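Derivation of every value follows stated rules applied to the coordinates shown; laboratory data play no part. Given the structure is predicted, the values throughout are model-derived calculations rather than measurements. In this analysis, Cβ positions are derived from the backbone assuming ideal geometry, glycine residues included, and neighbour counts consider all displayed protein chains.
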Amino acid sequence: MSKRLATAAAAAAVLATTVAAPTIAQARSDQPSLDRSVSAAAGAHQRFAMTLTELHGKDRPTRVVAAGTIQGRGTMKQRVVKQSRHGEVIKAVLSLPHGKVRLQVRDRSSMKLDLHSCTARENGKGTWRIVSATGAYRGATGHGHFVRRTFIVGAFDDAGRCLGQSAPPASDTASVVADGTAHR
């Protein structure tokens, strides 16, 4: 798995754990009005759902859907700031219609390789915390847990042999669901 993909997958971890909350379909409803972009409810449930895709070593924009105190659809950028045997610490920025939300994520993952099919599955989980926000989300605080599921298809050589970790994957797709609470 490429380092860049690992970073994206880890950031995806910023968002995940399943709790009864608005579904992704509900969160994808029409763009929220400014009045609905930040709920006044203290300690309201917050969900972030993210999709990360990398094709032939190139990252596609990471899509984010937020439902709860912070609502909207947008994109996410992230970077790994610390790696250790205990996992990664990631800084992520969610760019939503009415402001930006900065998160710190702690991600742990495990991977299962299948060299016969030239695929891998990576599962991650961890915690996320809002460290700052701008625009309509200014002053927001919150934290929670996330779960990440990643499916990787490796690259093949001209003879059809799996190149394994010696080459960037042909594709990598991660889905992250993060649940918790957010306050405004």
Semi-axes of the equivalent ellipsoid for region 77-184, Cα gyration tensor, largest first, Å: 34, 14, 11
J(HN,Hα) series, region 135-145, from Karplus relation 6.51 cos²θ - 1.76 cosθ + 1.60, nearest Hz, glycine and proline x: x, 5, 9, 3, x, 5, 10, x, 6, x, 10
Paramagnetic reach from K100 (point 7 Å along Cα→Cβ, amide N under 13 Å) across region 54-78: 75-78
R129 versus S84: modelled label distance in nm, points set 7 Å from Cα along the beta carbon direction: 1.4
Region 95-139, Cα convex hull volume normalised per residue, Å³: 78
Under-5 Å amide H pairs with L96, H placed in peptide plane, nonlocal only: V101
Sequence-distant residues sharing a close amide H with T62 (under 5 Å, placed H): M76
